[in-house]
Amino acid sequence: MSDRKDLVLEGVRAYHGEVSPAREFVPGTTEIWPSGAVLDENDRAALVEAALEMRIAAGTSSRKFESAFARRLKRRKAHLTNSGSSANLLAVSALTSHTLEDRRLKPGDEVITVAAGFPTTVNPILQNGLVPVFVDVDLTTYNATADRVAAAIGPKTRAIIIAHALGNPFEVTEIAQLAEEHDLFLIEDNCDAVGSLYDGKLTGTFGDMTTVSFYPAHHLTMGEGGCVLTSNLALARVVESLRDWGRDCWCEPGENDRCLKRFKYQLGTLPAGYDHKYIFSHVGYNLKATDIQAALGLTQLAKLDSFIEARQRNWRRLREGLDGVPGLLLPEPTPRSEPSWFGFVITVDPEAPFRRAELVDFLEERKIGTRRLFAGNLTRHPAYIDQPHRIVGELTNSDLITEHTFWIGVYPALTDEMLDYVTASIKEFVAARG
Ligand SMILES: Cc1ncc(COP(=O)(O)O)c(C=O)c1O
C-alpha cells in the first residue's frame, strides 16, 4: 500500500470516530429504528479504499466476497447481484433455462409460494409467465407449513419459492422432502434469515437455490445488493449467464480465453469461430453489483456472527419482557429451529380492547419505529388482483396479518436500554386499556 493511501485510510478511520460519537439514549426522543445498517470504521475504510483504487465495476472484491460468502453459507457457488429482488428474479428465471431440458419450467407452470410476505419473492413467478399458487401461513411463526404446501401441489406444480419469515425458518426439511418426492425445484428466499438453523443446518442449504439481500435492513449490508447461492453447478452457470447479459462465456471482466476455445465454438446458427465472449445462450439481464459494494460486503461478513448473536439476544430480551402481556400474540420460533431474527413480530389479538393502529401510533409517538409484515396478503394489492394465480385453502391468517400484525426491531445497534423502553412502553399502553 502506498504511504499516501495509508495516510488517507488512517484519516478516514479518525473521521469515522469523529462523526460517530456514542449516542446518548433519550427515551421518547431518540429514534429506535426497526432496522438499519451497522457500520464501523472498517466498513468506511473499505468503501474509501475501493474508491481510491477506482474499482468501480465488479472485480476482485466481488469474486472474493462470492467465495467467502459461499463458504460461510455452505454452498458451492455464490453470485453477487444488485439486490435481493434481482437474486429472486435470477433464481426463478434460471428454472426456465433450456439447459434444464425436460425439467425446465414453461409458461403456465405453477410455483407454490405464500400469500403474506414480500412482493419480490412472488414477482419473478409472474415475470416468467408462471402462475403463483398462494398458501396461508401460521400465526405465531408467520410461515407456511409442509401440510399447507402439500395440499397445494397439483398436476402443473413445478417449483416452490418461500421466504423464511423475518428470520424464522419454515419447515424446510419437510418441504425439501416434498419437493424431492414430487420432482419440484425448491428456492429458499433467505433474504431475512442469514445464519438461521433448522434441524441444526443453515437455512439456504436445503433447496436447489437460495437468495440473500444486502439492503441496509438485512443481516449484512452493501447498501444495495443481493446474492444467489447454490451447490448445483449447472444452475450456477445459468444464474451467471442470466445475470451477465445472457452470455454463454464465463470469463471474468477483462479476462479473455478462460476456456481456451474463445474462437472455436459454433453455437446457434452463428458462423463457426464467432467470439465466445459475444455468444448469448439466455435472454438475460445485467444485474451485477460493483466492487465498491463487495468491499463493504467483505468487512460486513467479518461481523456476521456477532450480528446474528446480537439479533438473537435482542429478540430474547423483547420476548421475555413481553411474555404474558394480554391482547398480544407473541412470535414463536418454528419447532426445531434456531432463528437468526430479522424482526420481532406482534399480532394484536382481534379480541383485544385496542387496535393495532392505536398501539402503533402510541409507539411511533415515542419514536419507536414499526413496520408491517411487508405486504400482508399480497393477493389484496392492486398489482396482483388481475394477475393469474391460484389460492389453496383460505387465507385467513394472511388477512389477519394484514389487519392486526406489525413488527419492531432487533437489529444489532439496539441497546438493552432501548429494548427495555420498548417493552415498558408496550406494557404501559396495554395496561391503560386493560
Ligand atoms: C423476504 C424478502 N425477499 C426479498 C427482498 C428483496 O430484497 P431487496 O430489497 O434487496 O431487493 C426482501 C427485502 O426486504 C425480503 O424481505
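No lab work stands behind these numbers, since they all come straight from the coordinates. Bear in mind the structure is a predicted one, so any value in this text is a computation, not a measurement. A quick note on method: Cβ atoms are made from the backbone with ideal geometry, for glycine too, and the neighbour counts reach across all protein chains shown.
So which helices (runs of 4 or more DSSP H) are wholly in segment 86-186 and hold at least 3 residues that are buried (at least 22 other Cβ atoms within 10 Å of the Cβ) and not small (Gly, Ala, Ser)?
Once the helices (runs of 4 or more DSSP H) in segment 86-186 are filtered for at least 3 residues that are buried (at least 22 other Cβ atoms within 10 Å of the Cβ) and not small (Gly, Ala, Ser), what remains is 119-127.
Report those helices (runs of 4 or more DSSP H) wholly inside segment 382-434 carrying at least 1 residues which are of a type in the set (S, T, N, Q) and under 17 Å from ARG316 (Cβ atoms).
416-433
Only one of (1) outside any helix (DSSP H, G or I); (2) over 30 Å from HIS381 (Cβ atoms); (3) touching a helix residue (DSSP H, G or I) at 6+ places or on another chain (Cβ under 8 Å) is not met by PHE69, so which one is it?
(1)
Considering only residues of segment 255-288 that are small (Gly, Ala, Ser) and in contact (Cβ under 8 Å) with a residue 40 or more places away in the chain, which is farthest from VAL228 (Cα to Cα)?
SER281
Among the residues of segment 209-240, count how many are over 23 Å from ALA302 (Cα atoms) and surrounded by fewer than 24 Cβ atoms within 10 Å (Cβ to Cβ).
Number of matching residues: 7.
Under the condition of being of a type in the set (S, T, N, Q) and out of contact with any strand residue (DSSP E or B) (no Cβ under 8 Å at 6 or more places or on another chain), which residue from segment 55-85 is surrounded by the fewest Cβ atoms within 10 Å (Cβ to Cβ)?
Residue satisfying both the conditions and the ranking: THR60.
Of all residues in segment 354-371, how many are closer than 11 Å to PRO34 by Cβ, touching a residue at least 12 places away in the same chain (Cβ under 8 Å) and assigned to a helix (DSSP H, G or I)?
Matching residues across segment 354-371 total 1.
Exactly one of (1) closer than 23 Å to GLU332 by Cβ; (2) more than 16 Å from the ligand (Cβ to nearest atom) is unmet by VAL194. Its number?
Single failed check for VAL194: (2).
If a residue must be β-branched (Val, Ile, Thr) and within 19 Å of ASN168 (Cα to Cα), how many such residues does segment 184-243 contain?
So the count comes out to 7.
Would you point out the residue of segment 65-101, among those that are in contact with a Ser or Thr (Cβ under 7 Å, 6 or more places away or on another chain) and charged (D, E, K, R), that is nearest to the ligand (Cβ to nearest atom)?
ARG75
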